[in-house]
1. How big, in percent, is the set of alpha carbon pairs in region 1-87 lying more than 22 Å apart?
2. Just in region 1-76: which GluC sites (Glu not before Pro) are loop by DSSP and have at most 11 other Cβ atoms within 10 Å?
3. Relative contact order, percent, of region 1-47 when contacts are C-alpha pairs under 8 Å separated by at least 6 residues?
4. Net charge near Q33: determine it from the other residues with C-beta under 10 Å of the C-beta of Q33, scoring Lys and Arg +1 and Asp and Glu -1.
Amino acid sequence: VTPRAVRYWEAGAVRIPHAAYKLLRLRAGGIVQAEGWEGWRFGRGGALFSPDGRAFQAWELYNLRFVFSMSHSFRQMLAARRAPAPVAAGLGVGVGQACRPTPGVPSLRVVGGQS
């Protein structure tokens, strides 16, 4: 935008284009004009402020994907720990379960030996 155009706008000779108005308002007041962003604004140093006053730097927002990825991995790890113990392959016995004879499969009987 040229200084001449701004003078015309201030004098009322020419209407301010809506896109230019929104951009100038954003630059001057740091107010975000978009649906769903009510109360958000930009501050000094490029920080984005939430309606409750929390400041976010660009690098924090960029790295949110890593935070969500770590959170997802942590939840999967906790779910795996809480899941029942897997059954031993072909034995039908999980950790901490009593060994029961399987029908149709011969079983071995352990007899006390010599010491």
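FYI, it's all coordinate maths here, none of it is from the lab. These figures come from a predicted structure and were not determined experimentally. FYI the Cβ positions are ideal-geometry reconstructions off the backbone, even for glycines, and counts take in every protein chain you see.
1. So the portion of pairs separated by more than 22 Å is 56 percent.
2. Those that pass, being in a loop and sparsely packed, are E35, E38.
3. 19
4. 0
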